[in-house]
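Structure first, commentary second.
The values are calculated or read from the model by the stated rules, or taken from the named source; none is laboratory data. Since we're looking at a predicted model, the values are computed, not measured. Note: ideal-geometry Cβ built from the backbone for every residue, glycine included; neighbour counts use all protein chains shown.
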Amino acid sequence: MKFNRLLILLIAITTDSFSDFSAKIDRSVIDVNETLKLELVLDKQVFSGQPDIKNLSENFEVLSNNRQQSFSSINGQTQSSTTWSLTLKPKKAGNLKIPSISFRNESTKEIQVKVNNISNSKVFNPSNQTIYTETQVDNKTVFVDQEIIFTVRLLTAVNLQDYSITALQIPDAEVFRLSDTSYQKVINGRNYIVLEIKYAIFPNKSGELTIPQLRFSAFEIDPRNQYSLFNNRGNQVIRETQSSTIDVLEIPLSSTSNYWLPSKDVSISQRWSENLNEASVGEPITRTIIIKSKGTTASQIPPIDLENSENLRIYPDQPQIDQQVSEEGLISERTEVYAIVPKTSGIVTIPEISLTWWNTEANQEEKAKIPGSSFNVKAEYNNTLDTNINENGTEIPTEIVDKLDSKSSSSPEALLSTTNFLLLTNFVLLSIIIFLLIKFSQDKQAKRLMSKQDKIESEADSVTNVLSSIKQAARKNNLMDMRELILRWGSITFPYLNPLTLQRLAISMDDQELATKFESLDNYLFGNTKTKELVLDLNIIADTLSIYTKSVTKKNEKKSKTNPLRNLYPN
């Protein structure tokens with residue numbers, strides 16, 4: 001019994017040591033008369049105790065504090081957490097700090113909150129209306145493709161339920177819904193509940209852009225039935241927002257880039273799969289380039305075009321594109337991966353990479369850069385010992401020859417005697433070695449022919465099966481399976497290259513037309529296209545691979561017939 005209690009205690013201590021305690025807020029910028037939601041999350045369940053929040057009283061008034069526990073089990077993995085939800089009201093304006101909060105030897109990180117004065121707030125004051133709406137845009141004049149943050153709010157002094165809002169649709173613009181938050185606000189001494197929705201809008205062409213009205217719909221809670229288990233809906237409430245007009249400008253003439261990338265911030269970085277100074281000729285190195293941009297969609301980030309050089313061969317892989325939404329707008333990332341193969345040894349220079357973008361906050365063109373660098377490539381083979389060849393073709397190290405020369409330079413008779421002895425010894429040794437090698441090569445040649453034939457038949461059977469599967473996937477229009485089968489076919493056909501992407505496979509086959517078809521297939525599967533429509537005959541790809549396989553098979557058969565294995569040492 002004591003042992004069981006000790007075991008439970010040890011498990012509890014271990015669990016506490018690996019628990020995680022974090023804090024997050026629903027908004028980072030508020031007015032002094034608004035409330036803020038703070039969530040404290042612990043990744044384990046607790047049934048007693050409260051976080052130490054006494055330091056919050058310096059800048060905030062805690063209006064409510066609720067605890068909620070959750071438990072889930074997915075695929076045998078269990079997850080549990082405890083969440084404390086606090087409603088805070090700032091005591092003053094300024095850049096306020098939510099301090100670090102502690103609970104059972106765990107602590108959260110500090111959080112900064114910007115609190116605006118009511119006099120500095122741009123929020124429209126509707127006097128004494130009970131329910132009303134607000135609209136707000138962060139910029140009335142933007143460039144084409146520049147992000148616009150559009151905010152709508154429904155403010156109500158009465159209890160409502162079943163909120164809904166019409167969809168925001170704007171011709172010639174892309175729209176993303178960023179966040180939905182609710183909070184409390186005091187206006188003219190009256191408490192309001194605020195439902196706030198933020199959108200990111202990207203205009204596709206210049207001119208006047210109109211953001212249409214949106215309609216909020218909700219139902220009042222009937223006070224007579226507010227505690228009923230059944231329908232307690234009262235009157236329906238409908239409010240419409242104000243329409244807004246944005247002036248969208250053309251791309252500025254001062255922009256010097258071939259592409260247009262308006263952003264709040266752009267950064268570019270890289271990482272290598274290994275130490276560059278350990279690079280060798282013919283050995284591939286993976287170079288990963290990451291581009292991050294704030295206030296743009298992922299499709300706006302242009303690709304990085306690395307060109308082959310005299311010393312390097314570059315093979316690009318399929319780019320990875322990621323796009324996330326936040327309260328401040330879209331945050332996008334593009335990751336380019338390249339396999340770089342050095343062709344020559346010595347010092348190799350990699351040029352600088354620069355990405356030109358337009359800073360929408362500073363209203364000027366800027367460049368994000370990766371500086372150029374150089375590294376030393378080692379030779380594929382390192383033959384550092386110089387050799388000399390004697391009359392019988394035997395290699396003799398230069399150091400031995402120098403010693404023999406130095407010893408025999410003063411005695412011609414000794415030199416002649418030494419030379420004759422070496423020649424006789426080499427002749428006897430060579431005769432024995434040749435006899436053994438001929439016999440060994442004959443036996444090995446027979447075994448090699450048998451194993452090679454078995455291997456050819458096995459590979460031919462494997463290729464036939466893969467081609468059959470490719471044709472079947474083409475008939476069923478199963479694109480993802482077809483892509484994986486094509487790569488399987490490439491690994492069998494080019495075992496030493498082992499192409500990992502369709503583009504590398506097309507390069508190995510030296511077929512530009514097939515490369516174009518592969519690119520269309522990849523763009524359809526992984527690209528960020530508006531219309532998911534593939535204009536490509538998959539049967540043509542299957543037939544092309546089949547024809548190529550037959551051609552390679554005939555060449556191998558002809559080569560094996562016309563070029564049989566020769567004896568290691570001909571008569």
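General observations
- Restricting the range 139-172 to residues that are in contact with a Phe, Trp or Tyr (Cβ under 6 Å, 6 or more places away or on another chain) and outside any loop (DSSP other than H, G, I, E, B) leaves a set whose member that is surrounded by the most Cβ atoms within 10 Å (Cβ to Cβ) is L154.
- Screening N95 with (1) surrounded by 13 or more Cβ atoms within 10 Å (Cβ to Cβ); (2) at pLDDT 90 or above gives one miss only, at (1).
Here's the yes/no breakdown for (1) among the acidic types (D, E); (2) modelled with pLDDT of 85 or more; (3) over 22 Å from T35 (Cα atoms); (4) in contact with a Leu (Cβ under 8 Å, 6 or more places away or on another chain):
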site: R153; (1), (2), (3), (4): no, yes, no, yes
site: Y183; (1), (2), (3), (4): no, yes, no, yes
site: I193; (1), (2), (3), (4): no, yes, no, yes
site: L209; (1), (2), (3), (4): no, yes, yes, no
site: I221; (1), (2), (3), (4): no, no, yes, yes
site: G234; (1), (2), (3), (4): no, no, yes, no
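- Counting only helices (runs of 4 or more DSSP H) wholly contained in the range 456-571, the ones carrying 3 or more residues that are modelled with pLDDT under 75 occupy 538-562.
- Selection from the range 266-296 of residues that are over 15 Å from W358 (Cβ atoms), not in a strand (DSSP E or B) and not acidic (D, E): S273, N275, L276, N277, A279, V281, G282, P284
- Tallying residues that are aliphatic (A, V, I, L, M) and over 20 Å from P342 (Cβ atoms) within the range 265-313 yields 6.
- Residue in the range 371-387 that is farthest from V281 (Cα to Cα), counting only those that are surrounded by fewer than 10 Cβ atoms within 10 Å (Cβ to Cβ), polar (S, T, N, Q) and at pLDDT below 50: T384
- Pairs, first of a type in the set (V, I, T) in the range 210-235, second at pLDDT below 65, C-beta under 8 Å, six or more apart: I221/N232
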